[in-house]
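Here is the structure we will look at, set down as structure tokens.
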Amino acid sequence: MFELLPSRSGQILVCGHRGHVVDGHENSRPAFRRAAELGASLCEIDLRMTRDGLLIVFHDDILDNASTGTGIISQLDYAQIAQFRTRARNGMPIEGQPIEPFEDILAYCRDLGLGLIIEIKDKFEGTAYLEQVVGLLKEARLFERVLVSSFDYVALRDIKSIAPGIRTMGINYHRLVDPAAAAHSASMDVMNTDYPQFTADIAEGLHAANVAVSHYVPPPEFFAIRRGYGVDYLEELSAYLRAGLIDMLVCDDVGWSVDFVARCGLSVSRLS
């Protein structure tokens with residue numbers, strides 16, 4: 001179990017987005033292992049379902065951009081996908097990794113001591129998909145160490161009805177009129193707002209409604225050019241953290257995130 005509102009005690013969760021990805025790996029064992037080594041509290045992973053009904057850990061709906069394979073995942077059996085390896089999106093030379101079943105990654109991250117944010121990417125009808133996710137989490141003994149996330153708030157609502165004890169996170173690209181109402185409509189425990197839409201009033205409204213606040217930011221080099229023009233979002237982000245407005249910081253660069261949190265005078269919240 002991990003505390004979803006660590007900001008109340010001067011702490012913050014650090015989440016590696018698809019693991020620690022700035023070394024070229026994502027959604028694979030090296031990315032998760034490096035995230036754990038650098039001090040992440042948890043990692044975000046992405047789910048896709050193959051034609052033969054196996055859940056795998058991969059971000060895109062197609063293989064082309066981040067693997068040696070081609071094709072749409074939902075149109076391929078896992079036996080076909082298993083022959084391919086991951087590759088870096090930016091062309092960085094890496095040792096390609098297997099595209100693994102969800103249950104294998106669950107076991108690996110459990111042994112690393114990492115919590116997980118499990119993002120549901122696919123569209124689907126009915127509840128069989130969600131029931132499979134819940135069943136695998138229970139089998140892996142990770143039910144209490146995960147958040148299930150999605151842009152699809154209906155899916156988050158439905159997985160709560162299947163497994164009332166599961167904790168969920170809605171992903172939000174927008175500045176919503178009433179974030180707390182949106183969170184409560186799906187019974188979510190956490191809401192994530194991506195840069196640059198994040199504002200203090202979003203966090204304050206969510207906290208007032210007892211909803212935890214997550215914030216995704218790009219890697220630090222994204223902000224370097226902007227600082228040259230006199231715009232320093234990282235200074236603004238530091239103020240948010242110091243004010244206790246953020247419970248979880250999500251970034252591709254775990255090492256930078258941990259260091260940034262320390263520079264803000266906070267500590268990284270660990271899983272019990």
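Specify whether the C-alpha gyration tensor of the chain places it in the rounded, prolate or oblate class, a ≥ b ≥ c being the square roots of the eigenvalues: rounded for a/c under 1.5, otherwise prolate if a/b is larger than b/c and oblate if not. Verdict is oblate for the chain.
Considering only ARG34, ARG145, ARG227, the Gaussian network model of the chain with Cα springs below 10 Å gives its largest mean-square fluctuation to ARG227.
What's the center-to-center distance, using Cα atoms, between the stretch 55-114 and the stretch 232-248 in Å? Going from one Cα centre to the other spans 33 Å. For the chain, the solvent-accessible area with a 1.4 angstrom probe is 43 square angstrom per residue.
Mean-square fluctuations from a GNM of the chain, with a 10 angstrom spring cutoff on Cα atoms, peak among VAL134, VAL57, VAL21 at VAL134. Computed on the stretch 127-265, with alpha-carbon pairs under 8 angstrom and 6+ residues apart, the relative contact order is 16 percent.
Per-residue extension of 0.36 nm, minus the Cα-Cα distance of LYS138 and ALA79, leaves a gain of 18.7 nm for this segment. Its relative contact order, with pairs defined as Cα atoms under 8 Å and 6+ residues apart, puts the chain at 24 percent.
Selection among SER74, PRO93, ALA35 by position relative to the dipole of the stretch 1-141 gives ALA35 as farthest towards the positive end (Cβ unit charges, Cα centre). Heavy-atom surface analysis with a 1.4 Å probe gives the chain a carbon and sulfur content of 50 percent of its accessible area. Taking only alpha carbon atoms, the stretch 185-265 gives an Rg to Rh ratio of 0.98, where Rh is the Kirkwood radius.
The values are calculated or read from the model by the stated rules, or taken from the named source; none is laboratory data. Here the structure is a predicted model, which means the values were calculated and not measured. As a convention, Cβ positions derive from the backbone with ideal geometry for all residues, glycine included, and neighbour counts pool all protein chains shown. Ligands, DNA and RNA are excluded from the accessible area calculation, which covers all protein heavy atoms including side chains. Shrake-Rupley method; radii C 1.70, N 1.55, O 1.52, S 1.80 Å.
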